[in-house]
Amino acid sequence: MASTALYQQVGDYIVRHIQDGTWPPGHRLPSEHDLVARFGMSRMTVNRALRDLAQQGRIVRVAGVGSFVAEEKPQSTLLHIASIAREVRDRGHDYRCALIAAERIAAAADVAAWLDLRPGQTVFHSVCLHLENEVPVQFEDRYVNPQHAPDFLAQDFSEVPPGEYLVQNVPFDEIEHVVDAVLPTAEQAHHLQIEASEPCLMLTRRTWTRTVPVTMVRCLHPSSRYRLGCRFDAVGNQRLG
């Protein structure tokens, strides 16, 4: 068990840097020697971590040269965790995250089931509004398993939105996305500045690390301001543009 924990520490360190964009595709990873020195572990343990990441397709190892971040595979915005802040800024628009609530609560039965906890166990809950040029485009309602993000509530989410904080600090290895057409609640309509009769798209996302649920979030988008989708060719490859 101790050996497993050690090599996973190395793997988590590398995955965090890949997922938050610090190490982009093609970036050369620190050498085994450097990782051994950084973590104070045996070369065998570090090699195990790199071997596992290579098997997962996250890195490419070149004998006698080193290890590199693997090139990204084509995927849809519904198949990976997109950054709404980056999307807005890439359009040349102003982005702002307005925090509505950040609290520690007892998990209701449905939340406990989503996060594989017992009803009444502590969970973190955040609610925020994402704005593009001061127009609300997404209402986010999130629950977080404290086991994987103990410092979640201590963050300044006006600087780094909740989703980006989790991507940068909690490696994930499984994602579930479900999209539904819904009408907003009175509270959601108020924050999004829309009529309660306006159709919305609800993206529900869950992430896991090593089969343990990390977060469950519902992202509500007014259909008049936001679209979810992608373009594929006949064999299922995503097209850009």
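Please compute the net charge surrounding Glu176, taking Lys and Arg as +1 and Asp and Glu as -1 over other residues with Cβ under 9 Å from its Cβ.
Taking every other residue near Glu176 into account, the sum is +1.
How large is the helix-only mean residue ellipticity at 222 nm for the chain, computed as the sum of -39500 (n - 2.57) over DSSP H runs with n ≥ 4, divided by its residue count, in deg cm²/dmol to the nearest 500?
One gets -8000 deg cm²/dmol as the mean residue ellipticity at 222 nm.
How far, in nm, would the chain grow between Asp12 and Arg118 when pulled straight, counting 0.36 nm per residue and subtracting the alpha carbon separation?
Gain in length upon complete extension: 35.5 nm.
Find how much the distance from Ala101 to Gln193 grows on full extension, using 0.36 nm per residue of separation minus their present alpha carbon separation; answer in nm with one decimal.
Result for the pair: 31.3 nm of gain on full extension.
For Ala181 and Glu159 in one chain, what is 0.36 nm times their gap in residues minus the Cα-Cα distance, to one decimal in nm?
4.9 nm
Just check region 1-54 against the gyration tensor rule for me: Cα atoms, a ≥ b ≥ c as the square roots of the eigenvalues, rounded for a/c under 1.5, and otherwise prolate or oblate depending on whether a/b exceeds b/c.
prolate
Please work out how much accessible surface Asp180 shows to a 1.4 Å probe, ignoring ligands, DNA and RNA, in Å² rounded to 10.
70
Rolling a 1.4 Å sphere over the protein heavy atoms, what is the accessible area per residue of the chain, to the nearest Å²?
Accessible area per residue: 55 Å².
Whole-Hz Karplus ³J(HN,Hα) for region 127-144, in order, using 6.51 cos²θ - 1.76 cosθ + 1.60 and θ = phi - 60°, x for Gly and Pro?
10, 8, 10, 9, 10, 10, 6, 6, 9, x, 10, 7, 9, 10, 10, 10, 10, 10
How far, in degrees from 0 to 90, does helix 2-19 lean away from the longest principal axis of the Cα atoms of the chain, to the nearest 10?
Its long axis makes an angle of about 60 degrees.
Ignoring ligands, DNA and RNA, please state the percent of accessible area on the chain from carbon and sulfur, probe 1.4 Å.
49
Name the shape class, rounded, prolate or oblate, that the alpha-carbon gyration tensor gives for region 68-211, where a ≥ b ≥ c are the square roots of its eigenvalues, rounded holds for a/c under 1.5, and otherwise prolate holds if a/b is larger than b/c and oblate otherwise.
It is rounded, given that a/c, with a ≥ b ≥ c, falls under 1.5.
Just to be sure I understand the curve: with the Debye formula and one point per C-alpha of the chain, what is log10 I(q)/I(0) at q = 0.07 Å⁻¹?
Ignoring solvent entirely, the Cα scatterers give -0.28.
Expressed as a whole number of Å, what is the distance separating the alpha-carbon centroids of region 94-131 and region 1-65?
Result: 32 Å between the Cα centres.
Could you give log10 I(q)/I(0) at q = 0.18, 0.24 Å⁻¹ for region 11-106, computed by the Debye formula over C-alpha point scatterers of equal weight, without solvent?
-0.90, -1.27
Once amide H atoms are placed 1.01 Å from N in the peptide plane, what residues at a sequence separation of 5 or more from Glu132, or on another chain, have their amide H within under 5 Å of its amide H?
Under 5 Å from the amide H of Glu132 lie the amide H atoms of Val137, each far enough along the sequence or on another chain.
Loop only by DSSP, 13 or fewer other Cβ within 10 Å of the Cβ. Give me the trypsin sites (Lys or Arg not before Pro) in region 19-108 that pass, ordered by residue number.
Answer by residue number: Arg91.
Plugging the Kirkwood radius over Cα pairs into Stokes-Einstein for region 137-177, at a temperature of 4 °C and a viscosity of 1.567 mPa s, what D comes out in µm²/s?
Translational diffusion coefficient: 114 µm²/s.
How would Thr45, Thr22 rank on accessible area, largest to smallest, probe 1.4 Å?
Ranked from most to least accessible, the order is Thr22, Thr45.
Let me cross-check Ile175: its accessible surface, 1.4 Å probe, with only protein heavy atoms counted, in Å² to the nearest 10?
Accessible surface of Ile175 is approximately 60 Å².
Report, by chain and number, residues whose modeled amide H sits under 5 Å from the one on Ile100, excluding near sequence neighbours (fewer than 5 apart, same chain).
The answer is Val127, Cys128, Leu129.
Normalised by the number of residues in the chain, what is the relative contact order in percent for Cα pairs under 8 Å and 6+ residues apart?
Contact order relative to length: 17 percent.
The values are calculated or read from the model by the stated rules, or taken from the named source; none is laboratory data. These numbers come from a predicted model, not from an experiment. So basically every Cβ, Gly included, is an ideal-geometry build from the backbone, and we count neighbours across all protein chains shown. Calculation scope for accessible area: heavy atoms of the full protein, side chains included, ligands and nucleic acids excluded. Shrake-Rupley method; radii C 1.70, N 1.55, O 1.52, S 1.80 Å.
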